Structure formats: structure tokens, C-alpha cells
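Chemist: Sending over a structure as C-alpha cells; questions will come in a sec.
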Amino acid sequence: MVIKLREISKKKPLFTGGHRLCAGCGAAVIARQVMNMVDEPVVIGNGTGCLEVTTSIYPFSSWNVSWIHSAFPNTASTIAGVESAWRALRDFGEMKDNYRFIAFAGDGGTYDIGLQALSGAIERGHRFLYVCYNNQAYMNTGYQRSGATPASSWSSTTPVGTKQKGKPGRSKDLTAITAAHKIPYVAQASPGFWNDLMLKVERALQIDGPSFINVIQPCIPGWGILPRDSMRLAKLAVDTCYWPLYEIIDGRECTINYHPKQKLPLTEFLSLQKRFKHLLKDENRALLEELQAEVDTDWEMLMMRCVGSLR
Amino acid sequence: MRVVAETANGAVAEAMRQIEPHVVAAYPITPQTEVVEEFAGYVSDGRVRTRFVPVESEHSAMSICVGASAAGARVITATSSQGLAYMWEMLYIASGNRLPIVMALVNRALSAPINIHCDHSDSMGARDSGWIQIYCRDAQEVYDTFIQALPIAEHEDVRLPVMVCYDGFIVSHSLARIEMMTDERVRDFIGSYKAVYPLLDRDHPVIYGPLVLYDYYMEFKRQQAEAMNRALEVVFEIGKRFGKISGRSYGLVSSYRMEDADIALAALSSTARTAEVIADELRDQGIRAGVISPRLFRPFPAKALLQALGGIKVLGVLDRADSIGAGMAPLAADIGAALQSAGSNIRLYNRVYGLGGRDLTLSDLKSFFLSLERAGQGKEMPAHFGYLGVRED
Ligand SMILES: Cc1ncc(C[n+]2csc(CCOP(=O)(O)OP(=O)(O)O)c2C)c(N)n1
Ligand code: SF4
Ligand SMILES: [Mg+2]
């Protein structure tokens, strides 16, 4: 499969500009890249968070398709409801269109408060693509920590103090957790690798069942970065192997989609971000080393999983 | 018509089969469980085409209902107690989005302490959630009301969710004689469903649940409140229309021997039936006693209620839930407000009873009735608020 940019550029945008996301926000880029791949009628579900509040300020909307936001913990079950209605209407002979369903939710709405609804919905097998735009904190409410916040990262609820330096403990591996549901398609992606991300969306949208893509998303104020560095960080996350691009089919076939030619040191990724500023100080060298060790181990484990995986 | 011996839960499952909604999403909880189990059986046997979604929680049950209803489907759910509490966030979202979802709410006490038996604290906790609430006195009313609920919810003047409330175990699990209609009659009565602004309309994309700030939020809420007020008329009309096909007509407030009553008791649900027994007894002793039971609780039928009260002097209000700290329980507070705005002189005494399934004995009920009678004659000054049938020491 090849992504033809020339053709995509001619399509009517389903997610338009004029929204109030911060300049440089990675979530806008992700939404745009995902929506570029939509060809069939679609309904979007959006969990409470930055993407939702900035694209739906009444009486305006950035969405040129049907869209529903209901609450924070239930993006998966809300879209599962829409999908169930579609299936029922088909069974009753009241609907002919072949619909696709996409849910967008932040890491807070996915790793934390929405995990139960997500787990239930993918276990039941609804047809929908769930895109977690993962900026690694509750950005909408002011940069509080989430289950996706990396170890030692600053957040407004894990501030860097004299006793505690940022978030204690590491983030959970939600991609692996969803893959453990053995659903048809699970992947990690980055808007810095648009070709990879869009191909993944295309693959996911062909499935008559659940799929999940965890997308790393640079956040300007939450990460403490410059708008112009947003996509640079989206690439560095991958080139440092902090955020590997891979996919898992049916919970077993694991493929790494991109091997950096040269695995960059984590500091390349961290040093552009204020939330990790303290890690570059000598006194916190141990924390930095811990984080680097985590990345190295995870990367090796992923390679082992993929090499040994069934095909 | 068929006459069957059935529990209210069984009757609701049967009504759901007859209605054959597009989507049912529910989670088990005592005493609602059988509704879900029996309906799941109809789905498994292919007797309905309904998409049944056995969710992982009630929060998701109501979220599925919201998504499915917004998508353009006819949607039903059922729950009790903690299940309703767990849905709380989503109840407001269902009504705020004007989604005509129908719920069977089998009343059960709320924890703590945990208790599986009947009281009304679950539905009373949701009385301000923007759902229409109808309380049923017996299994026949449950069946009949459940069939009326969809046309009420879907009425173009209303478009709001409806909660059909009935007493856990007392009504939900008791075998009763129920007259059921044929499937054709039921389907004819509810009509086919034409969704308004569905998500699943590729030519007319719509937005549900946008961010609405202080510039428009109040207009949204005002419209919702007006729709709720219009439901008074619609519930009444549909109750009458139901009477034409079934012989059982429904209004907003049920009354018993109120025509010439001096004193009366007001109660929701099955307790109203118990109170009728005592009213008969008192009548035999020459005391003109009556009973009223608001069938509709949200919107509150103040006008119909005042009319039903007629010329009584004293009213005792029985509440199966307390509004702890308010000094008056929910039903009494609403009746009190209606009396006050009408400038009525009826004296009101409120008792909380039956929490967690505590039996309301006939003798407790009778002595309360008699104290009202003495209060009417100026011989006694009962407390305005208190608990009935509770250990006092
Ligand atoms: C039940 C509930 N709890 C808390 C909130 C407040 N809240 C709204 S958005 C949000 C954080 C969203 O974080 P995330 O899902 O990561 O999305 P982001 O804001 O980062 O885009 C919180 C805590 C809420 N709306 N609902
Ligand atoms: S706070 Fe972060 S996630 Fe939210 S709009 Fe701004 S850049 Fe995007
Ligand atoms: Mg976030």
C-alpha cells in the first residue's frame, strides 16, 4: 500500500482548521492524518479533553462528519453504542450504508479513567478504531500526571521538589495491555512518521472488529516545547526508541515497522522539553540513567517479541 | 389479549420482546437481573432482532444507550440501585442530548450499608437528572406503563428519556395476574421509529455533545425544561390513548376514594395499594379517608395533584427515601411546594418509611392515618416530619 499525497490533497478535509488547539499541537496533526484515510461514511467519538473542547465550541465545529462527545471515561462505550445502533439498523433492514467508527481520546481518557470501557468494548468485538492521542498527561485540565506520564517527568501533580523529582514510577504499557486482548489490530505510531501512521489507519479501518492505535503526541505547554519543535519531537521519540513504531496482529504477530539507522541517546528527546529539564542536572543523573535503561530494556524486549512472534 | 401469571420483571422482558427495540444495553444487578436474563434468552432464540450489548458496567450501559440513541436507534435499558448510581454522570448526558431512551428502574436501596431490598433512594437521587419518572403501583401498571414509555419519550414535543420505576421484590418478583396485549397491538401502539437528527445520516452530519459555554448553555437548559413541562400533557394523552386499546386508562395522579375525603395519604408505587386497604377500614369506621398516588413524579403534576386532593384538610405523605438533612423527604417537599404556590390550607405531615425493604405494617399505617384524623380535629399536633416503623430506642 502506498499513500498518495497528491490524491489526499484533493480530498475534502473531514477535519478542518479553525479549531482552538494550541499552535503546534500534535493532536491536530494526528486528527488530520487519521481523517485523511477515511473514505467511507464514518462517525467519530471524541472523549473529553483538548481535542474535544477545542474542535466543538458551539456553534462551531471542525468536523465535517457526524461526531459525538458524551463524557470523559467512556469514549469506547459511546462509539460502541453508535456501532451497535448501526448493526441493529442493518439487521432490521433500515440501513444500507457501510459505516466506519473512530474514537479519539487522550491518554488520561484511555490509560486511566477510560480503561474499563475500552477493555470492555474491544473484548466484545465492536467494529471501531480507537486512536489514543497520547500527550502523556491531562493537558486539558492543566498538565496533571496520567498513567502514561513517563518516570521522573514533571507534571502539575508530580512537581519537581526537593524530596520528589517528578513522577515516581514508570508509565504503564497500554499498547501491550490492549494487545493482550488479542484483538485484530494494535499499533504504536507517531505523527512524525505520517506515512506509517496513515498506513496503519488504513489497515485498521479495513477490519470488521476492534483496533487500537497509540499515537505519541507532543504538547506545547505540557511538555514545555516550542511549537516549531512539535514534529521534531514526534520523530525523536521514535529515533531514540522511546516510542517504537510497531504493530501486533491478533495479539501474536508482532512487527517493528521502523528501525532507526542509529538509535539516538534519550537526551536528544528529553533536552528539548522543560518537563525533563531537571534530569539534565548532575544531581539527577541516576534518574536519567534509569529512564535510559528502561528505554533500552523495553526496546530489546520488543525486538525479542517480534523476532520470536508467530507469523 | 392474554391473561398471564407473571412477575413485573417478566412482564417488562415480555414488553421488551413485543417492542423489539434496536439496541438493549444492560448490566446485571438485583432485583433487575431477570429482566436482562429473560431478554437475553429472546435474543439467543432469535425471537427479536435486537442488538443486545452485555456491557462491563452500568456506566458503559448508559454510554452505549447514549451512543446508540444519538445514532438513531430505539434503545432500552434496565437497572437498580448502585447501577443507577454508577450511571449518574450519563443520566444527565442522555437527557441533555434529548435522547428518548427508556429504562426499567427496579427500585432498591443504596449502600452503605449494602441492602438489596426496596426503597426509592436510587430513583430519588436521579430526580433532577432530566428524566421523566413514572412510578407504578403493581405489575399490571408496570407492563402498561412500559409500553407507554416509548411513545412518551419519542413524542416530538418531548424527546426526553423515561424511567419506569417499580418496587424491587415487592412488585418485581411477585407473581401477579397481568393482562397482556398481542404483539400487533403493542407494535401498533408504539408505531415505527423515525429518529430525529441521527448520527447515522451520511448526507446530514450532526454534532452531539459540543462544548457550550455561558453564551448558549442556559438556552439549552431552558429548552430542556420546557420539553419536560410539555411531557405533562403528553403523558396524559398517551395514558388516555392506551385506555382506548386496553380498557385501562391512565392519568397523572391515581386517586382512591378521594371524592368526599377529609384526610388522605399520598404515596408512590406499591405502598399506595397498601394504603387503600387502610382507607377502606377507616371508611368502615366512619372516617372519610382517601389515597392519592402521583404516577408521574417528573415532571411533577402539581395541577392534577391539587385537583385530586379536592377539599381535604390533612394530608399525610409517605416517602420511601429521605433527603437527609432537608427536613422533608422528596415527595412531601414537592407536594408542599405545590400546596404553597396554590395558597392551599391543607396541612401536611411527612413520614419516611420502608427503607431497605422494611415492611410497612398495616398497624403502623393505620396509626399514622388516625393521628392525621385527630390532627384534623385539632386534638393532636403530630410532628411534621419523622420516621415510621423504626426502632426508637
Ligand atoms: C469524570 C470526569 N473527571 C474529570 C474530568 C475533568 N477532565 C476533563 S478532561 C481531563 C483530562 C483529559 O486528559 P487526556 O485524556 O489525557 O486528554 P488531553 O486533555 O490531554 O487532551 C480531565 C481530568 C471530567 N471531565 N470528567
Ligand atoms: S495543551 Fe497540549 S494537547 Fe492541549 S491543545 Fe495545547 S498543545 Fe494540544
Ligand atoms: Mg493527555
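Chemist: Taking the stretch A:97-111 as the region of interest, how many residues are touching a strand residue (DSSP E or B) at 6+ places or on another chain (Cβ under 7 Å) and closer than 14 Å to A:Q144 by Cα?
Modeler: So the first thing to find is which residues in the stretch A:97-111 are touching a strand residue (DSSP E or B) at 6+ places or on another chain (Cβ under 7 Å), and the list is A:99-108, A:110.
Filter once more, keeping what is closer than 14 Å to A:Q144 by Cα: A:106-108.
Counting residues in the stretch A:97-111 that are touching a strand residue (DSSP E or B) at 6+ places or on another chain (Cβ under 7 Å) and closer than 14 Å to A:Q144 by Cα gives 3.
Chemist: Still on this structure, I have one more. Mind listing just one residue for me: the one in the stretch A:80-94 that is within 10 Å of B:H22 (Cβ to Cβ) and within 7 Å of another protein chain (Cβ to nearest Cβ) and, of those, surrounded by the fewest Cβ atoms within 10 Å (Cβ to Cβ)?
Modeler: Result: A:D91.
Chemist: If you check B:A279 against the conditions, is it out of contact with any Asp or Glu (no Cβ under 8 Å at 6 or more places or on another chain), assigned to a loop (DSSP other than H, G, I, E, B) and crowded, with 22+ Cβ neighbours inside 10 Å?
Modeler: no
Chemist: Could you please give the count of residues in the stretch A:19-45 that are within 8 Å of chain B (Cβ to nearest Cβ) and buried (at least 22 other Cβ atoms within 10 Å of the Cβ)? Working first, answer last.
Modeler: Step one: of the stretch A:19-45, the residues within 8 Å of chain B (Cβ to nearest Cβ) are A:41, A:43, A:45.
Retained after the next criterion (residues that are buried (at least 22 other Cβ atoms within 10 Å of the Cβ)): A:43, A:45.
Final tally of qualifying residues: 2.
Chemist: Sticking with this structure for a sec: Any idea which of (1) more than 20 Å from the chain's Cα centre (by Cα); (2) away from every other protein chain (no Cβ under 12 Å) is the one A:F60 doesn't satisfy?
Modeler: A:F60 satisfies all of (1) more than 20 Å from the chain's Cα centre (by Cα); (2) away from every other protein chain (no Cβ under 12 Å) except (2).
Chemist: Hey, among B:D128, B:D122, which residue is more than 14 Å from chain A (Cβ to nearest Cβ), within 17 Å of the chain's Cα centre (by Cα) and without any contact (Cβ under 8 Å) to a residue 12 or more places away in the chain?
Modeler: Numbers: B:D122 fails: without any contact (Cβ under 8 Å) to a residue 12 or more places away in the chain.
Checking each option against the conditions leaves just B:D128.
Chemist: Report, by residue number, each residue of the stretch A:137-167 that is among the small types (G, A, S), within 16 Å of ligand 2 (Cβ to nearest atom) and part of a loop (DSSP other than H, G, I, E, B).
Modeler: Scanning the stretch A:137-167 gives A:A137, A:G142, A:S146, A:A148, A:S153, A:S156.
Chemist: Tell me which of these A:L5 doesn't satisfy, since it passes every other one: (1) surrounded by fewer than 24 Cβ atoms within 10 Å (Cβ to Cβ); (2) in contact (Cβ under 8 Å) with a residue 12 or more places away in the chain; (3) under 26 Å from A:N257 (Cβ atoms); (4) not aromatic (F, W, Y).
Modeler: Against the list (1) surrounded by fewer than 24 Cβ atoms within 10 Å (Cβ to Cβ); (2) in contact (Cβ under 8 Å) with a residue 12 or more places away in the chain; (3) under 26 Å from A:N257 (Cβ atoms); (4) not aromatic (F, W, Y), A:L5 comes up short only on (2).
Chemist: In the stretch A:99-107, is there at least one residue being at pLDDT 95 or above, more than 14 Å from chain B (Cβ to nearest Cβ) and away from ligand 2 (no atom under 16 Å from the Cβ)?
Modeler: No: zero hits.
Chemist: Does A:G147 satisfy the criteria of being out of contact with any Ser or Thr (no Cβ under 7 Å at 6 or more places or on another chain) and surrounded by fewer than 20 Cβ atoms within 10 Å (Cβ to Cβ)?
Modeler: Working: out of contact with any Ser or Thr (no Cβ under 7 Å at 6 or more places or on another chain): no; surrounded by fewer than 20 Cβ atoms within 10 Å (Cβ to Cβ): yes.
No.
Chemist: Across the stretch A:150-168, what is the total count of residues that are without any contact (Cβ under 8 Å) to a residue 40 or more places away in the chain and within 13 Å of ligand 1 (Cβ to nearest atom)?
Modeler: Of the residues in that region, 2 qualify.
Chemist: Hey, another quick one. Would you check if there is a residue in the stretch A:145-163 being in contact with a Phe, Trp or Tyr (Cβ under 7 Å, 6 or more places away or on another chain), more than 16 Å from ligand 3 (Cβ to nearest atom), among the small types (G, A, S) and more than 25 Å from A:S211 (Cβ to Cβ)?
Modeler: Of all residues in the stretch A:145-163, those in contact with a Phe, Trp or Tyr (Cβ under 7 Å, 6 or more places away or on another chain) come to A:146-148, A:153, A:155-156, A:160.
Then keep just the ones that are more than 16 Å from ligand 3 (Cβ to nearest atom); that gives A:160.
Filter once more, keeping what is among the small types (G, A, S): none.
There is no residue in the stretch A:145-163 that is in contact with a Phe, Trp or Tyr (Cβ under 7 Å, 6 or more places away or on another chain), more than 16 Å from ligand 3 (Cβ to nearest atom), among the small types (G, A, S) and more than 25 Å from A:S211 (Cβ to Cβ).
The values are calculated or read from the model by the stated rules, or taken from the named source; none is laboratory data. This one's a predicted model, so the numbers in the text were calculated from it and none came from an experiment. Cβ coordinates were reconstructed from backbone atoms using ideal geometry, including for glycine residues, and neighbour counts include every protein chain displayed.
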